[in-house]
Amino acid sequence: MRPITQEKIDRLLAFMKDEHLDAILLADWENARDVNMRYLSGHPMDASLVFKADGETCLIPWDLQLAEDHAEVDEVIDPNNFQRQWVAAAVQYLKDNLSKESPLIAMNSGIPYKYVLETQQRYPEAKIYNEPDNLYNKFSELRATKSPQELDYLLEAGKIGNKTLKDIRQFAEEQRKEGTENDLSFLVQKKLKEYGAEDNSFPSLVANVTRSYQIHCHPMAGNNQFGKEGLALIDFGALYHGYASDITVPFTFGELTSEQEKIKETTIKAYNTAIEAIDVGVPLWKISQTAVDVIEAAGYNLPHSLGHGLGLTVHDAPSVRQKPTDEIALQKWTERVVEEGMVFTIEPGVYIKGQGGLRLENDVMIRNGKVEVYTNSELFEIP
């Protein structure tokens, strides 16, 4: 079943009409991931998709039998008929199904340039749409709000994450001395699947006090003692029917320095302030600004966006970040407000090398006009 609703298909078709587009070509391959292929077709991965201006769709999958089970499209082409050359298959379909002598074709911005050149070489009569920002922004706009079915999947992904929180706390309390970052990472992966997840929505980031100052620690987990005195965190998520949750649990272990106490208090205050600012109609950048103001008043900075959308990818639309001040970035920027059906994270953090870092992250849904924080992460203080 494809996630996109008919109402959003109609909006995409209207966009194509306004832009005089005859077709959109999408590709989701190992070297060019694009979640919009799944969004428009229901096929989970590894395929190219042609979406025509009349709404007809054609899929060129890597696995034909997988497509027969999952894809909701008008036609499926066997890539073996084209020596598994997906551009050749897509171009042949376009030539057979577009009546214009010189059609205008959009290729999403994630497609490697070599495939754009190959498309032009195989179809010299066609014109390639040269406004990738417009197409990217349209897909972001469509995916920024979720259908009731998508919201149900996201809620379940959040519930699976919530169930795992008790196991994380138990690990921190019972294995503080001997438990490693890797031990906790393995435990979370096991528990997520026990509770019904397809998989982690991303590899868990587990960092003790010596590494928690890194926003996304590298390596993602190691053989270090997790419960070492100071500030620590785990950032993890569940995948359910392709939809992601994203939760960060902050920890304090033992006695903290005065600077670590300040980091803790600032992070929690910034989080609570941002949550209180969320309401339907509020610009997303203003929510971000409330957290930034708290963090900067304490003498720190927020080195990443306050939050991001959740959906078929763990970093989906919309983005909860500050309004840009750069002139060119501002020209490309569009103000978005909190809307019905939006799902996004709130995740302020403070990171200081030598002291460690904290981030508190939960997932927020706007459903039936109400703001719901549907994951339950909180500060775990372990003596």
| message | Considering only segment 276-287, I want to know if a residue exists there that is closer than 30 Å to GLU194 by Cβ and modelled with pLDDT of 95 or more. | response | no
| request: State the number of residues belonging to segment 336-379 that are among the small types (Gly, Ala, Ser) and touching a Phe, Trp or Tyr at 6+ places or on another chain (Cβ under 8 Å). | output: 3
| said: Here are the criteria: (1) modelled with pLDDT of 95 or more; (2) farther than 26 Å from PRO148 by Cβ. Tell me which single one ASN31 does not satisfy. | reply: (1)
| task | Scan segment 1-47 for residues that are free of Cβ contacts under 8 Å to residues at least 60 places away in the same chain, outside any helix (DSSP H, G or I) and more than 16 Å from HIS70 (Cβ to Cβ) and report the count. | result | 2
| Can you name the residue in segment 99-115 that is part of a loop (DSSP other than H, G, I, E, B) and under 27 Å from GLN65 (Cα atoms) and, of all such residues, is farthest from the chain's Cα centre (by Cα)? | PRO112
| message | Can you tell me which residue is nearest to the chain's Cα centre (by Cα) among those in segment 1-34 that are crowded, with 20+ Cβ neighbours inside 10 Å and β-branched (Val, Ile, Thr)? | response | ILE4
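Every residue, every condition in (1) of a type in the set (A, V, I, L, M, F, W, C); (2) crowded, with 22+ Cβ neighbours inside 10 Å, yes or no:
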{"position": "ALA207", "(1), (2)": "yes, yes"}
{"position": "TYR213", "(1), (2)": "no, no"}
{"position": "MET220", "(1), (2)": "yes, no"}
{"position": "GLY242", "(1), (2)": "no, no"}
{"position": "ILE263", "(1), (2)": "yes, yes"}
| task | Filter segment 155-173 down to residues that are out of contact with any helix residue (DSSP H, G or I) (no Cβ under 9 Å at 6 or more places or on another chain) and either closer than 16 Å to GLU372 by Cα or assigned to a loop (DSSP other than H, G, I, E, B) (or both), then give me how many there are. | result | 6
| task | Could you tell me whether segment 188-200 includes any residue that is in the same structural domain as LEU26 (by TED's automatic domain parsing), among the acidic types (Asp, Glu) and not in a loop (DSSP other than H, G, I, E, B)? | result | no
| task | Of the conditions (1) surrounded by fewer than 17 Cβ atoms within 10 Å (Cβ to Cβ); (2) at pLDDT 95 or above; (3) outside any helix (DSSP H, G or I), ASP152 clears all except one; give me its number. | result | (3)
| Of everything in segment 265-290 that's hydroxyl-bearing (Ser, Thr, Tyr) and touching a strand residue (DSSP E or B) at 6+ places or on another chain (Cβ under 7 Å), which residue is surrounded by the most Cβ atoms within 10 Å (Cβ to Cβ)? | THR267
| request: Can you work out which of the residues in segment 62-93 that are crowded, with 19+ Cβ neighbours inside 10 Å and part of a loop (DSSP other than H, G, I, E, B) is nearest to the chain's Cα centre (by Cα)? | output: ALA71
| remark: Scanning segment 224-279 residue by residue, the ones that are small (Gly, Ala, Ser) and without any contact (Cβ under 8 Å) to a residue 12 or more places away in the chain total 1
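The values are calculated or read from the model by the stated rules, or taken from the named source; none is laboratory data. Every value quoted in this text rests on a predicted model; they were computed, and no experiment measured them. Virtual Cβ from ideal backbone geometry, glycine too; neighbours counted across all protein chains shown.
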